[in-house]
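Q: One structure follows; several queries about it will come next.
The values are calculated or read from the model by the stated rules, or taken from the named source; none is laboratory data. It should be emphasised that the depicted structure is a prediction, and the values quoted were computed from it without experimental measurement. Cβ placement follows ideal geometry from the backbone for every residue including glycine, while neighbour counts extend to all protein chains displayed.
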Amino acid sequence: MLPSVSVHIVTYKHPNTGSATGLLLLKSMPDIVDSTGIVMNGIWRAFDRGAGEAAQLWHKSGNVFGVSGAAALYARTMIKDISDSRETF
């Protein structure tokens, strides 16, 4: 049986946005954040943004280094721009 998932797709009006992710919550504790994207610290170590914090604190979007692999959206234009013409996906 598949878990119940609530998905809200947001249309971006920022043409330079290449990827996006959402507010991912823990299934066992839906008021706690699993990830809102990947951030890097000063020594280039990656962390899940907002992990372990209250979900109510993370309802505003922001910039991230990367998106969570658990829920990633990629703009077709970005994929086309970075793709090697010899490869297909």
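Q: Would you check which residues across the stretch 53-77 are over 10 Å from the mean Cα position of the chain (by Cα) and modelled with pLDDT of 90 or more and list them?
A: Glu53, Ala54, Ala55, Gln56, Leu57, Trp58
Q: Sticking with this one: Does Trp44 fit the bill of being touching a Leu at 6+ places or on another chain (Cβ under 9 Å), modelled with pLDDT of 85 or more and of a type in the set (Phe, Trp, Tyr)?
A: No; evaluated as a whole, the condition is false for this residue.
Q: Against the condition at positive phi and either at pLDDT below 90 or surrounded by 16 or more Cβ atoms within 10 Å (Cβ to Cβ) (or both), how does Gly50 come out, does it pass?
A: In short, yes.
Q: Turning to a different aspect of this structure: Give all pairs with beta carbons closer than 6 Å in which a residue from the stretch 39-57 that is more than 12 Å from Leu23 (Cβ to Cβ) and free of Cβ contacts under 8 Å to residues at least 24 places away in the same chain meets a residue that is surrounded by 10 or more Cβ atoms within 10 Å (Cβ to Cβ) and β-branched (Val, Ile, Thr); count only pairs at least 6 apart in sequence or on separate chains.
A: Cβ pairs passing all conditions: Ala46/Ile38; Phe47/Val39.
Q: State all residues of the stretch 34-47 that are in contact with a strand residue (DSSP E or B) (Cβ under 7 Å, 6 or more places away or on another chain), of a type in the set (Gly, Ala, Ser) and loosely packed, with under 14 Cβ neighbours inside 10 Å; if no residue qualifies, say none.
A: If the condition is that a residue be in contact with a strand residue (DSSP E or B) (Cβ under 7 Å, 6 or more places away or on another chain), of a type in the set (Gly, Ala, Ser) and loosely packed, with under 14 Cβ neighbours inside 10 Å, then Ala46 is the only one that fits.
Q: Still on this model: Among the residues of the stretch 78-89, write down those that are modelled with pLDDT under 85 and either within 10 Å of the chain's Cα centre (by Cα) or surrounded by 10 or more Cβ atoms within 10 Å (Cβ to Cβ) (or both).
A: Hit for the stretch 78-89 is Ser83, nothing else.
Q: When the residues of the stretch 11-33 are filtered to those that are more than 11 Å from the chain's Cα centre (by Cα) and not in a loop (DSSP other than H, G, I, E, B), which remaining residue is surrounded by the most Cβ atoms within 10 Å (Cβ to Cβ)?
A: This residue is Val33.
Q: A further question follows. Among (1) part of a loop (DSSP other than H, G, I, E, B); (2) surrounded by fewer than 10 Cβ atoms within 10 Å (Cβ to Cβ), which single condition is Gln56 missing?
A: The failed condition is (1).
Q: Take Val64 and tell me if it is part of a loop (DSSP other than H, G, I, E, B), touching a Gly at 6+ places or on another chain (Cβ under 9 Å) and surrounded by 14 or more Cβ atoms within 10 Å (Cβ to Cβ).
A: It is true that Val64 is part of a loop (DSSP other than H, G, I, E, B), touching a Gly at 6+ places or on another chain (Cβ under 9 Å) and surrounded by 14 or more Cβ atoms within 10 Å (Cβ to Cβ).
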